[in-house]
Amino acid sequence: MYLVESKGGAIVCMLFSLFFLGTWPAIMTLLERRGRLPQHTYLDYSITNLLAAVIIALTFGEIGSGRPNFTTQLSQDNWPSIMFAMAGGVVLSLGNLSTQYAWAFVGLSVTEVITSSITVVIGTTLNYFLDDKINKAEILFPGVGCFLIAVCLGSAVHSSNAADNKAKLKGLTSDNKNVTETVGFSAYSNEASQTKGVKDMENGSSAPEKAKAGTADFLVELENRRSIKVFGRSTVIGLSITFFAGFCFSLFSPAFNLATNDQWHTLKKGVPKLVVYTAFFWFSVSCFVLAIILNVTFLYRPVLNLPRSSLKAYLNDWNGRGWAFGAGLLCGFGNGLQFMGGQAAGYAAADAVQALPLVSTFWGILIFGEYRKSSRRTYILLVNMLFMFIAAVGILMASSGHRK
């Protein structure tokens, strides 16, 4: 099998992983904003996410000789390590499933900032001690500190941007503003849609003009189109989901670390440790099984007032399916590359990929128009947040050690 053994090779794996893991959430968010049910999207995503693990196992896991390859380890008595790998897959699946709802409530950028920071603070600390401190602590923990500063800046960005949006909505006509203040955004959303329809009939046009990103009309138009309705909902719901997802994310990498390195000596004497590809396969299998069970359940018993669906409706829903398949492949290969780099340079250093909000924020600005027409204060905070994430990535990668 092929193993990444050099520090340079590990850093290349981390960089590609960072891009992949920062891109797939943007695709999922795009589909939700276009009105596709998250249950349909996540079922598609789960299929190709498992496919990526199988592809990695049957290629890199079968190349060369030396340590046992992927197919050889399938028949070995290594179930304690497999259970650790599958436990990691379970918490990752719960985290990913939670974030697909958190993105709607809190926004792509802020959700990724909060979950990544929790992952780094808890997960990196656990991995540092599990890896027998092979990473340079004097470099590693300042990198963790950069993440914490970026979290504070990210929270400030969210607060400032929320204030900007509130000011935009206050700039509406007095009639609509009164409605907004008394019964909430959703009531204004319906009224605005009806008003636009009347104007279009009077002007003889068949479709309303598309609102510009960053305007109050754009916010209303987005609420009408998306599948998860968030206007008038408490922000506590979104933040609670986000913090739960972050806690789940903080545990999957340490669990995978235990699966591949057996620090707790759970394997019988003479049984080889799980190679990264075998562990990743079982990790992805448990992630897939849980995702299928939960999302099929959510089809018939939806949460957050989403419309009820069915397996037949899911199978017939081809709107955006290709994008969902692509998101699953990106996530699968991103996780695989993170683990390949972590096995070589230490899983604590590989947590540098948790700077993925750097990529997600870029897509959020480019695709979704986040922070468009915001205040100068918001832009200054946003630039400082991105700068701190860049510093965090560089510092965590510089702390890379070498596993003996």
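The values are calculated or read from the model by the stated rules, or taken from the named source; none is laboratory data. None of these values were measured; they are calculated from a predicted model. FYI the Cβ positions are ideal-geometry reconstructions off the backbone, even for glycines, and counts take in every protein chain you see. Heads up: the accessible areas ignore ligands, DNA and RNA and are worked out on the full protein's heavy atoms, side chains in. Shrake-Rupley method; radii C 1.70, N 1.55, O 1.52, S 1.80 Å.
Values for this structure:
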read-out: Test: residue in region 333-349 that is crowded, with 16+ Cβ neighbours inside 10 Å and at pLDDT 95 or above; value: yes
read-out: Matching residues in region 387-404 - criterion: being surrounded by fewer than 21 Cβ atoms within 10 Å (Cβ to Cβ) and either among the charged types (D, E, K, R) or within 21 Å of the chain's Cα centre (by Cα) (or both); value: Phe387, Ile390, Ala391, Gly394, Arg403, Lys404
read-out: Matching residues, region 86-139, being aliphatic (A, V, I, L, M) and either closer than 21 Å to Gly336 by Cβ or not in a helix (DSSP H, G or I) (or both); value: Met86, Ala87, Val90, Val91, Leu92, Leu94, Leu97, Val120, Leu126, Leu130, Ile134
read-out: Residues of region 308-340 classified as over 16 Å from the mean Cα position of the chain (by Cα) and closer than 20 Å to Val393 by Cα, total; value: 2
read-out: Of all residues in region 51-68 being in a helix (DSSP H, G or I) and farther than 11 Å from Gly336 by Cα, the one that is most open to solvent (accessible area, probe 1.4 Å); value: Leu58
read-out: Candidates Ile367, Ile293, filtered to the one that is open to solvent by 40 Å² or more (accessible area, probe 1.4 Å) and either of a type in the set (Ser, Thr, Tyr) or without any contact (Cβ under 8 Å) to a residue 24 or more places away in the chain (or both); value: Ile293
read-out: Out of Leu31, Leu3, Leu18, sole residue that is within 29 Å of Ile293 (Cβ to Cβ) and of a type outside the set (Val, Ile, Thr); value: Leu31
read-out: Out of Asp44, Asp77, sole residue that is open to solvent by less than 20 Å² (accessible area, probe 1.4 Å) and acidic (Asp, Glu); value: Asp44
read-out: Positions within region 115-158 being polar (S, T, N, Q) and surrounded by fewer than 22 Cβ atoms within 10 Å (Cβ to Cβ), in sequence order; value: Thr125, Ser155
read-out: For Leu31: the one exception among (1) out of contact with any Cys (no Cβ under 9 Å at 6 or more places or on another chain); (2) not in a helix (DSSP H, G or I); value: (2)
read-out: Leading residue by the ranking (modelled with the lowest pLDDT) among those in region 358-373 that are touching a Gly at 6+ places or on another chain (Cβ under 7 Å) and farther than 24 Å from Cys146 by Cα; value: Gly369
read-out: Some residue of region 160-182 being within 24 Å of Thr41 (Cβ to Cβ), open to solvent by less than 60 Å² (accessible area, probe 1.4 Å) and either modelled with pLDDT of 70 or more or part of a helix (DSSP H, G or I) (or both); value: no
